[in-house]
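J.: Below you'll find the structure I mean.
None of the figures in this text is laboratory data; all of them are computed from the coordinates on show. This is a predicted model, so every value here is computed, not measured. Because the Cβ atoms are built from the backbone with ideal geometry, glycine has one as well, and the counts that use them run over all protein chains shown.
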């Protein structure tokens with residue numbers, strides 16, 4: 001079959017509009033969330049709450065971001081992605097704008113953890129990946145999810161230096177509120193990503209209900225192992241996103257290295273995400289996931305043994321960027337391969353929930369361990385053990401259809 005993009009120019013334009021809308025939304029929401037670690041020290045100085053309390057707000061945001069995704073996915077499966085994305089984008093902007101006014105742990109949990117993180121969950125991977133998979137030709141879905149995932153990384157690459165420059169130029173509070181206004185640029189995407197995943201079911205065949213889909217997924221050992229591995233990804237990603245600037249500061253390096261290290265994470269995750277999106281069409285997705293987790297463990301071991309200089313930090317951030325969220329395309333691909341696309345937003349949302357439970361622990365333990373020991377070494381040790389475990393747990397996954405809802409039948 002010839003490439004659809006070269007035969008149908010109008011279809012090609014539609015595909016690229018979908019990708020631009022989804023990747024752009026992820027760039028703005030994820031980019032803003034991933035720069036919040038830059039504000040950790042300023043929030044601590046301004047509120048006097050202590051690093052542990054502020055880390056709790058960030059950690060709750062990681063958890064809430066995951067908790068919202070199964071429900072946002074189920075809602076999008078029913079009423080369409082556009083409505084869910086519109087509300088989510090608005091909440092991200094509102095929570096980010098209100099954060100500088102918060103002076104208590106409860107206030108920070110509400111603005112960062114409930115409003116901003118909840119909105120980012122509604123406009124997050126579960127809804128965006130499902131909408132993209134539904135609207136893109138099947139033979140292009142792997143690369144498409146990689147491009148969407150890379151959008152989040154591009155947002156981090158662009159937004160981290162912008163946030164750093166704004167903090168220097170106008171202070172941290174005004175900088176955060178400017179970022180909130182920038183997020184609103186994603187609102188037009190909600191009108192492009194219309195429709196719901198139930199429309200993916202073939203005409204004339206009975207679709208599987210959300211409850212039936214969830215029940216079937218939770219009975220699948222392969223799905224449960226996939227979710228367990230994604231838990232480890234969440235721990236790793238949240239720890240880096242929240243505490244990498246703190247790791248760098250604890251080594252006595254200038255604050256600029258913190259911003260540029262976050263930017264390097266985002267830049268090289270673009271490469272990793274697009275490469276992984278291409279690779280899922282060539283190799284077994286479970287093997288690719290095992291390789292990514294093993295690479296993370298090896299990279300952290302090398303980092304712990306290396307001298308902590310500025311160039312080393314940037315190289316480490318680049319290596320981590322290659323694996324940072326490159327797990328998303330094969331994980332989303334396996335969920336679609338297991339169960340089809342009719343309930344994908346819901347089922348991938350549940351997997352994202354396990355990711356964010358890990359994220360909660362990564363963000364929270366980072367602050368608690370530093371307060372107790374004065375460094376982050378024990379978190380790195382935990383990260384190595386978890387990464388090795390994730391590399392091993394993907395190997396027994398049966399990469400074949402384990403359920404056949406209507407959307408998956410030929």
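J.: To the nearest 0.05, what FRET efficiency results for residue 79 and residue 191 with a Förster distance of 22 Å applied to their C-beta separation?
T.: 0.90
J.: So how tilted is helix 51-79 from the main axis of the chain? Cα-based, degrees 0 to 90, rounded to 10.
T.: So the inclination is approximately 10 degrees.
J.: Let me know the volume per residue of the alpha-carbon convex hull for the range 62-138, in Å³.
T.: 75 Å³
J.: Shifting gears a bit: What's the whole-number percent of alpha carbon pairs in the range 185-331 lying beyond 22 angstrom?
T.: 55 percent
J.: Given the Cα atoms of the range 1-133, and with Rh set as the inverse mean 1/r over their pairs in the Kirkwood sense, what is Rg to Rh to two decimals?
T.: 1.11
J.: Where does the Debye-calculated log10 I(q)/I(0) of the range 137-198 sit at q = 0.18, 0.26, 0.29 Å⁻¹, using only Cα point scatterers of equal weight, no solvent?
T.: After summing over all Cα pairs, the log10 values are -0.81, -1.12, -1.19.
J.: Hey, could you pull the Cα Rg and Dmax for the range 52-211, both in Å?
T.: 17.3, 60
J.: Which residue, 260, 172, 378, has the most motion in a Gaussian network model of the chain that connects Cα atoms within less than 10 Å?
T.: Highest fluctuation of the listed residues: 378.
J.: Working from Cα positions, state the angle (0 to 90°, nearest 10) between the long axis of helix 221-250 and the longest principal axis of the chain.
T.: Compared with the principal axis, the helix lies near 30 degrees.
J.: Using alpha carbon centroids, what distance separates the range 231-260 and the range 155-175, in Å?
T.: 16 Å
J.: Could you give the semi-axes, largest first, of the ellipsoid that matches the range 277-410, computed as the square roots of 5 times the alpha carbon gyration tensor eigenvalues and rounded to whole Å?
T.: Taking √(5λ) for each eigenvalue gives 33, 17, 12 Å, largest first.
J.: Could I ask something else about it? Taking only DSSP H segments of four or more residues, each worth -39500 (n - 2.57), what value at 222 nm results for the chain once the sum is divided by all its residues, to the nearest 500 deg cm²/dmol?
T.: Using -39500 (n - 2.57) per qualifying helix, the result is -25500 deg cm²/dmol.
J.: If I take every Cα pair under 8 Å that is 6 or more residues apart in the chain, average their sequence separation and divide by the length, what percent do I get for the relative contact order?
T.: Relative contact order comes out at 27 percent.
J.: Hey, another quick one. Taking the Cβ of each residue in 53, 287 as the centre, tally the other Cβ atoms inside 10 Å and list the residues starting with the fewest.
T.: 287, 53
J.: Taking the Cα atoms only, what angle lies between the long axis of helix 81-98 and the longest principal axis of the chain, rounded to 10 degrees?
T.: 10 degrees
J.: Over the range 27-66, one equal point on each Cα, no solvent: what is log10 I(q)/I(0) by the Debye formula at q = 0.29, 0.33 Å⁻¹?
T.: Treating every Cα as an identical point scatterer, log10 I(q)/I(0) equals -1.01, -1.09.
J.: Measure out, as a whole number of angstrom, how far apart the alpha-carbon centroids of the range 340-391 and the range 273-318 sit.
T.: So the two Cα centres are separated by 16 Å.
J.: Please give the contour-minus-distance gain from residue 395 to residue 308: 0.36 nm per residue of separation, less the Cα-Cα distance, rounded to one decimal in nm.
T.: Working it through step by step, the gained length comes to 27.9 nm.
J.: Taking the beta-carbon count within 10 Å as an exposure proxy, list 211, 83, 134 from fewest neighbours to most.
T.: Listing 211, 83, 134 from fewest to most nearby Cβ atoms yields 211, 83, 134.
J.: Let me ask you something else. Using just the Cα positions, wrap the chain in a convex hull and report its mean projected area in square nanometres, one decimal place. Don't skip to the answer; put the middle values down first.
T.: Details: hull surface 73.7 nm².
That works out to 18.4 nm², a quarter of the Cα hull's surface.
J.: Which order results if 141, 222, 273 are arranged by neighbouring Cβ count within 10 Å, fewest first? Kindly include the intermediate steps, with their values, before the conclusion.
T.: Values: 141 23, 222 19, 273 29.
Going from sparsest to densest Cβ surroundings: 222, 141, 273.
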